[in-house]
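Down below is the structure, laid out as structure tokens.
Throughout, read-outs are computed from the coordinates displayed, never taken from laboratory work. This one's a predicted model, so the numbers in the text were calculated from it and none came from an experiment. Here the Cβ positions follow ideal geometry from the backbone for every residue, glycine too, while neighbour counts run over all protein chains shown.
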Amino acid sequence: MEDKEVIDEKVNSDESVISDSSNNELPKEKKSLAKNSIFMLIYNVLNVLVPFVYSIYVARVLPEYWIGKVTIAQNIAQYFVILAFLGIPTYGLREISKNRGNQEKTNKIFTELFIINFISSITFATVYFGLICTVPDYRSNMTLFLITGSLILFNILDITWLYEGLEEFGFISLRNLIFKTLSIICLFLFVKSEDDYLIFAAIHVGCLGFNYITNMLFHRKYVKFSFKNLNFKQHMKPILFLVVVNLAIEIYTLVDVTMIGIFKGEEAVTFYTYASKTQKILLQIISTFTLVLVPRISLLYKENRIDEFNKLLSKTLLLIILLSLPMIVGICFVSNDLSILLYGESYYKSASILNVLSLLAFISPIGYLLGSRVLLVTNNEKLMVIPVASGAVVNIILNAILINTVGVIGAAIASVVSELVVAVIYILLSHKYFKINIKISEIIKILIALLLMGVYCYLMYRYLEIGIYFKLAIVIIGAMGIYFITLLLSKESLVNSGLNSVINKVLRR
């Protein structure tokens, strides 16, 4: 995309080597937004794709009851992981990004945040162990809860925020690819029957654990521990704000599974979770393009390059619209066949849940980009408590009402409504810090392409009488072709600039 490349070029020209190490400054390496986007896309898609592959395989090996049991145990452990992390992943990314030109300061920030995370992880791991020893339902499945809860201790070694702040997305992606691939191999080798549910849980934990261990093995290339003149107090206020934010986010992303388990049982949890896993792949693809921009928009705002800051936000928002809307339309047509094909006949119950949850692929990234990211880079993280706390309250209330009245799909509706509440409040709080400039003509072009794509999908499903495999392939490939060819012919800016960029790079070779 030409405009994005111009921004990238200007940013990189300002990020030349500032000084040598004797002045305690780091050379600011040129980072390509295009390459970072690809690396982060690989990283994020793997984070969802591998559990997705797990789900496809495990659905044919383990009964829905045991899948639900493992999911509930992972769900409970995740609350404690978030508490143990405090707000360090978000706060640490920002602080490392802002100070990466100064080696001494980067070392100091890293050391302070690592020690805080170490203490909090040990504390909440102890609380978690006390909980599972006390609650009868958890105590009866002690081994399972110990396995899933070990993530709280592995949390000590998770310094992904360091690599994200330094824009080392290539390292993050490669590390993730290796261990995710190994985890899939282990799944196929060792999970063979319904008695292997503990091995299934352990593989998930092991994959994350080895990722985190690798983080620590290579951190010395970028930072060193520095125990001189440590100042923990300066970090406490922002990370405590962020832990409230992150906990509230987790409440409205985890509470649905928790409450389904309470009201509807383990099998209902499985059907909902499998729909959610499918939806999260869509969401991760979209979210990649916002997450990779966090260090860059932070830098642009810090250097008061507001025009470039706004242009980058506008381009990214248009990209979210362009990619998310066809995904939602497509899911409405293929969800039933897709759920059965991936997981088996009994998982047709996941299709209607997936239809509702697919709306998150549009709502969540917009709230993330224009809300939490903008508030974070403008040092207004304290305001983030308001939208996420509101979303958590709305989600708990709606889950309590809807799960009992309309069943599991009620949890999906609650998730979408609460996410919409969060996004709207985020934008209301942050809109004064940015100015979006998207032409109405660009939106009209996208809507026309969506209409043609929808008509194609409708006709194919109404009149095409062939096997499920071929039908899905024809519908998905044809719909994508119609959508993007329409955008290309109508000269939609992002699609055309992207194509021109590819052509230029090919010709230069």
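Here is how the number arises for the chain: DSSP H runs of 4 or more residues each give -39500 (n - 2.57), the sum is divided by the residue count, and the result at 222 nm is -27000 deg cm²/dmol.
The simple spin-label model puts a point 7 Å past each Cα toward its Cβ; for THR123 and SER346 those points are separated by 4.3 nm. Summing charges over neighbours of GLY209, with a neighbour being any other residue whose Cβ is under 14 Å away from its Cβ, gives +1 when K and R count +1 and D and E count -1. Cα centroid separation, the range 69-96 to the range 370-403: 16 Å. Separation of the alpha carbons by more than 25 angstrom is noted, of LYS98/LYS221; LYS108/LYS435; LYS315/LYS491; LYS277/LYS382; LYS98/LYS435; LYS69/LYS180, for LYS108/LYS435; LYS277/LYS382.
Taken along the Cα-to-beta-carbon direction at a fixed 7 Å, the label points for ILE397 and CYS186 span 4.4 nm. Sorted on the mean count of surrounding Cβ atoms within 10 Å across their residues, most packed first, peptides 219-230, 308-319, 111-122 read 308-319, 111-122, 219-230.
Between HIS431 and GLU465, the FRET efficiency estimated from the beta carbon spacing at R0 = 41 angstrom works out to 0.25. The packing ranking of peptides 165-171, 177-183, highest mean first, is 165-171, 177-183, where packing means the average number of other beta carbon atoms within 10 angstrom of each residue.
Each peptide in 334-341, 189-196, 407-414 gets a packing score, the mean of other Cβ atoms within 10 Å over its residues, and the list from highest to lowest is 407-414, 334-341, 189-196.
Backbone N atoms of the range 337-358 closer than 13 Å to the 7 Å Cα→Cβ label point of ILE56 belong to residues 338-344. On full extension, the segment bounded by ILE178 and LYS302 gains 41.1 nm, given 0.36 nm per residue less the C-alpha separation. Residues whose amide H comes within less than 5 Å of that of ASN102, counting only those at least five positions distant or on another chain, are LEU26 (H built at 1.01 Å from N in the peptide plane).
Mean projected area of the Cα convex hull of the range 77-220, taken over all directions, amounts to 9.1 nm².
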